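Down below is the structure, laid out as structure tokens.
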Amino acid sequence: MSFPRMAIVHERFTELGGSETCVAQFFENWPRAEVFAPIVEPDSVRPPLHTVRDTWLSKAHSVVGSHAPLMPLLPRALRKLPLRNRFDAVLISHFAFATQAVFATDAPTIAYVHSPARWAWDPAFRAQEAGGRAGQAALSVLGEFARRNELRAALHLTHVIANSRAVAERIHDWWGLPASVINPPVHVERFTPAPAIPRGDFFLYAGRLVPYKRADLAIRAAQKAGVQLVILGDGRFRQHLESLAGPETTFLGATSFEVLLDTYRRARALLMPGVEDFGIVPVEAMACGTPVIAVGAGGALDTVIPGVSGEHVPHGPDEAVTEGFAKAMAAFSSADYDPEAVRDHAISFSPNTFRNRIAATVDDVLAG
């Protein structure tokens, strides 16, 4: 592997999630790289990362307590990062504003796009997330600002990588650019089957309880199908979801890794009712030998192979999706899936595969 002088730019370190995992894997490839982000909470920087260069927005964030009011200030902070004349390449982790770093450097720029800002480009997604008229109005204004900034930066990027085929389509439709596809890394080595543990008689939803993940559709489908549903996770949508649920649904809240692993191993299948950019949770479940029933859109088109690692429910209006999940759960048989084949598919999303593909892409860009 070559060792060019690399800069890695991330949007913000304010929580731990899939995008932060990607940045950590970038750093594993180039351990001498400098890492930058406009906003950094120290608790959100974990090994192998150690030092992240931030901006004055970190102090503002500590006062305000949220990144949301600071979002209009991110483009200017990113454009002023000290990148010029110092690096052979700049690798950008983007989900709203990070590509503005292209204006801070004269080096080739490779953008790894988790998604163009869906709340900016997709009115239905924006309405779902905004929460009331005032929120929609504010997000609409910010969305126009984000679209303008994304389009301006897109013209100057050297190479664009999408984290799924669905995101590559968005980049084509919204930015007018082609993108290669490299699926994000999943720590599949942490998730393993346990043949001695018998399957339970329940389906599982695992993840944050926020509107776009559509746990409400899973709840309604379980009611229609008359099957048991376990919901693992927490979030601002929980109270609303609990008001929808009947006795067939159990909420476990946020739990330990050990409980998550045990629940993955015992579930009949994991449900993925929302349209994800990629979706790490389904791959974790599959690494435990557990199949996935997913809406047939977004990242599930990359991760779920019908008849091998799970099934697709046709995407459509809420009522149709609910009915599709209900039918799939009512007819589901664990005997139709080979846990070893399910796990073998999950292994293809390993960190090692991700790192190798990212390194090869950077090498190709630098080779011209």
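The values are calculated or read from the model by the stated rules, or taken from the named source; none is laboratory data. None of these values were measured; they are calculated from a predicted model. Reconstructed Cβ throughout: ideal geometry from the backbone, glycine too, with neighbour counts over all protein chains shown.
Worth pointing out:
- Restricting attention to the stretch 250-273, the residues that are under 10 Å from Val230 (Cβ atoms) and of a type in the set (Ser, Thr, Tyr) add up to 2.
- Tally, over the stretch 319-368, of residues that are within 30 Å of Met6 (Cα to Cα) and either of a type in the set (S, T, N, Q) or part of a strand (DSSP E or B) (or both): 6
- Any hit, the stretch 127-140, residues being surrounded by fewer than 22 Cβ atoms within 10 Å (Cβ to Cβ), closer than 26 Å to Arg357 by Cα and in contact (Cβ under 8 Å) with a residue 40 or more places away in the chain: no
- Looking only at the stretch 1-52, and only at residues there that are outside any loop (DSSP other than H, G, I, E, B) and of a type in the set (Asp, Glu), the one that is surrounded by the fewest Cβ atoms within 10 Å (Cβ to Cβ): Asp43
- Selection of the stretch 343-366 for residues being within 19 Å of the chain's Cα centre (by Cα) and of a type in the set (A, V, I, L, M) yields Ala346, Ile347, Ile358.
- Residue match in the stretch 15-30 (condition: assigned by TED's automatic domain parsing to the domain that holds Arg118, at pLDDT 95 or above, over 22 Å from the mean Cα position of the chain (by Cα) and charged (D, E, K, R)): no
- Qualifying residue in the stretch 209-220 (condition: surrounded by fewer than 17 Cβ atoms within 10 Å (Cβ to Cβ), among the acidic types (Asp, Glu) and under 21 Å from the mean Cα position of the chain (by Cα)): no
- Positions within the stretch 68-126 being among the charged types (D, E, K, R) and over 19 Å from the mean Cα position of the chain (by Cα), in sequence order: Arg76, Arg79, Lys80, Arg84, Arg86, Asp88, Asp106
- Residue that is farthest from Phe278 (Cα to Cα) [pool: residues in the stretch 189-232 that are of a type in the set (A, V, I, L, M, F, W, C) and in contact with a Pro (Cβ under 8 Å, 6 or more places away or on another chain)]: Ala221
- Take the conditions (1) part of a helix (DSSP H, G or I); (2) at pLDDT below 95; Thr99 misses just one of them, which is (2).
- Look at (1) over 23 Å from Ala166 (Cβ atoms); (2) surrounded by fewer than 19 Cβ atoms within 10 Å (Cβ to Cβ) and you find that Met329 fails only one, number (2).
- Test: Ala77 is in contact with a Leu (Cβ under 6 Å, 6 or more places away or on another chain), in contact (Cβ under 8 Å) with a residue 60 or more places away in the chain and not β-branched (Val, Ile, Thr): no
- Among the residues here, Ala294 does not qualify as over 10 Å from Met272 (Cβ atoms), modelled with pLDDT of 95 or more and either out of contact with any Asp or Glu (no Cβ under 9 Å at 6 or more places or on another chain) or among the small types (Gly, Ala, Ser) (or both).
- Selected residue (criterion: nearest to Arg268 (Cα to Cα)) from residues of the stretch 325-359 that are without any contact (Cβ under 8 Å) to a residue 12 or more places away in the chain and not charged (D, E, K, R): Ser333
- When residues of the stretch 228-253 are limited to those that are surrounded by fewer than 18 Cβ atoms within 10 Å (Cβ to Cβ) and aliphatic (A, V, I, L, M), the one nearest to Gly316 (Cα to Cα): Leu244
- Residue count, the stretch 41-59 (criterion: at pLDDT 95 or above and not basic (Lys, Arg)): 6
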